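A short write-up of the structure that comes next.
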Amino acid sequence: MSERSWKDKVVGWREAGLSYGQIVEKCYEIGKKVSKSQVYRILHKTFDTRRPYTPSTIVDKRMIKPIFDYIFESYMEDSQKKVSDLVKEIRDEFGEIIATVYTHYSQLSRSVVKKIRKEQCLEKGGVRYGHSVRLANRPPRLSFCDHHLGLGTMFVNHCFTDESMVQSGVRRRFVYVLKGDNSRRVKPRFKHPPSLMIWGGISWEGATPLVILRRGVTVDGGMYQKMIHKAYLKWAEKKYGGNVILVQDNARCHISQSTRAYFEREEIELILRMQGQMEKVVKANGGPVYD
């Protein structure tokens, strides 16, 4: 579905009976500076009809529409499909029919597929990635954020840490979608694919050193304490003089008795129950209450 541009609004305003001067004022309100003559040209612009693209490679003209439809449906199903894969699929799907009479025309080139894609208004756009938040977690997270925004919390001396499993894989940079169809540009990304574990933290003063663990290493309390000792303590002393708050989730290795005892010995200030606080938010006097 294409986006409605400001020029479409100009046409709608004119059809509603607005004068050129009123349309100019309406354009100013939406941030478009135009003159009456520009409005006139927009309303009276003529469009030339262009002949539809018909590849000479497809000799049997009866195959043009099926091939066009196949390419369009392929990109609707997978907006990141490679042209080379699509050429092979078309060859397998339609090559036998074309080859019965015109054997030397049984293969479409990559450039022809690209032109067909362009003819069908499939635009090139960059891939966007995003993580979704479960509906059950949205109200407490929103309430938590609103609470701290109201307090003016800046988190200038907090270090937010986490670990994640990552893996290498095919990540194409571009998608081909209809103009304005931005929702299909967003692609899912695996949050914890089993391959390599990386631990790190971010703060106002920058990022901590990363800890990378090969696959198969068990992160228990002892291993987590080694990670903190190796990557966090020296960094915290250098960046904050030790006056920094460690923020972590409630993973088992983070809250074990041995880990808590280690934090007490090293005098590490931390927030153990950030996630627990968000999950247990209750409404009282219009705001969240924490245990």
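The values are calculated or read from the model by the stated rules, or taken from the named source; none is laboratory data. Not measured: the values here are computed from a predicted model. Counting neighbours? That spans all protein chains shown, and the Cβs are built from the backbone with ideal geometry, glycine included.
Quick notes on this one:
- Selection of segment 32-80 for residues being more than 30 Å from W6 (Cβ to Cβ) and either of a type in the set (D, E) or under 32 Å from the mean Cα position of the chain (by Cα) (or both) yields D60, I67, F68, D69, Y70, I71, E73, S74, E77, D78, Q80.
- Scan of segment 142-190 for residues that are surrounded by fewer than 12 Cβ atoms within 10 Å (Cβ to Cβ), among the small types (G, A, S) and at pLDDT below 80, ordered by number: S168, G169, S183
- Within segment 50-61, residues that are among the charged types (D, E, K, R) reach partners that are surrounded by 14 or more Cβ atoms within 10 Å (Cβ to Cβ) with beta carbons closer than 6 Å, at six or more positions or on different chains, in the pairs D60/I98.
- When the strands (runs of 3 or more DSSP E) confined to segment 149-268 are screened for residues that are without any contact (Cβ under 8 Å) to a residue 60 or more places away in the chain, those reaching at least 2 such residues are found at 158-166, 196-203, 211-213.
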